[in-house]
Amino acid sequence: MSKTIRFNAGKVQYDDETKKCTPLPHKGVVTVAPSTEDEGFFDFTWTPKSDSGVEKDELLLIPGDMTFRRVHSCHTGRVVALTFLSSGDKSLYWLQDVGDDEELDKWTDKDVALVQSVQQLVSPTEDDEEASEQPVVKEE
């Protein structure tokens with residue numbers, strides 16, 4: 001049984017020409033949960049916290065078809081990228097947890113654990129099975 005992950009995050013707009021990320025002012029919440037319609041898949045939802053006219057993101061995550069990673073090139077905030085491997089589509093979010101306002105670019109242990117937990121949640125189960133089929137080296 002899979003768990004649901006929730007965290008505070010805003011959206012980030014990426015400009016292809018300038019190669020700059022601009023955080024949008026809206027506060028929001030990301031929820032990653034087992035899909036209610038497709039077994040083995042996950043629903044990824046970003047919902048704005050206020051009724052600001054901003055549409056929410058509703059994406060279907062297929063394990064093995066996406067990555068969720070820290071954007072190391074961003075030095076003004078803690079930005080993560082959700083990238084779909086089959087289409088190349090990318091969504092960027094900046095972490096907004098309460099109490100993290102002093103040093104917006106400083107990654108905390110909690111941030112690292114969050115990214116790892118999302119990655120583990122949506123990792124393909126076939127890879128886990130293939131890894132277990134690898135020969136095991138026993139020390140004697």
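The values are calculated or read from the model by the stated rules, or taken from the named source; none is laboratory data. Keep in mind that what you see is a predicted model, and the values were worked out from it rather than measured. Counting neighbours? That spans all protein chains shown, and the Cβs are built from the backbone with ideal geometry, glycine included. Just so you know, the surface numbers come from the protein's heavy atoms only, side chains and all, with ligands and any DNA or RNA stripped out. Shrake-Rupley method; radii C 1.70, N 1.55, O 1.52, S 1.80 Å.
Would you confirm whether any residue within region 51-67 is open to solvent by 20 Å² or more (accessible area, probe 1.4 Å), touching a His at 6+ places or on another chain (Cβ under 9 Å) and at pLDDT below 90? Before you say what the answer is, go through the steps one by one.
Let us first name the residues in region 51-67 that are open to solvent by 20 Å² or more (accessible area, probe 1.4 Å), namely 51-60, 62-65, 67.
Filter once more, so that each one left must be touching a His at 6+ places or on another chain (Cβ under 9 Å): 52, 54.
Okay, now just the ones that are also at pLDDT below 90, so 52, 54.
For region 51-67, residues open to solvent by 20 Å² or more (accessible area, probe 1.4 Å), touching a His at 6+ places or on another chain (Cβ under 9 Å) and at pLDDT below 90: present.
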Hits in region 98-109 (condition: open to solvent by 30 Å² or more (accessible area, probe 1.4 Å) and either modelled with pLDDT of 90 or more or of a type outside the set (S, T, N, Q) (or both)): V98, G99, D101, E102, E103, L104, D105, K106, W107, D109
Pick from region 23-50 the residues that are surrounded by 13 or more Cβ atoms within 10 Å (Cβ to Cβ) and among the hydroxyl-bearing types (S, T, Y): which of them is farthest from D111 (Cα to Cα)? S35
Answer yes or no: is there a residue in region 78-87 that is farther than 19 Å from P124 by Cα and at pLDDT below 90. yes
Open to solvent by less than 90 Å² (accessible area, probe 1.4 Å), farther than 22 Å from T108 by Cβ and in contact with a Pro (Cβ under 6 Å, 6 or more places away or on another chain): does that describe G10? no
Might you check whether a residue that is among the polar types (S, T, N, Q), at negative phi and touching a residue at least 12 places away in the same chain (Cβ under 8 Å) occurs anywhere in region 18-30? no
Could you list, ordered by first residue, the pairs with Cβ atoms under 8 Å in which the first is in region 58-82 and among the hydroxyl-bearing types (S, T, Y) and the second is part of a loop (DSSP other than H, G, I, E, B) and at pLDDT 90 or above, at least 6 apart or interchain? T67/L85
In this structure, is V71 in contact with a Cys (Cβ under 9 Å, 6 or more places away or on another chain) and buried (at least 16 other Cβ atoms within 10 Å of the Cβ)? yes
Does any residue of region 110-124 turn out to be surrounded by 15 or more Cβ atoms within 10 Å (Cβ to Cβ), touching a Lys or Arg at 6+ places or on another chain (Cβ under 8 Å) and modelled with pLDDT under 90? yes
Looking at T36 and the list (1) modelled with pLDDT of 90 or more; (2) over 12 Å from the mean Cα position of the chain (by Cα), which single condition is not satisfied? (1)
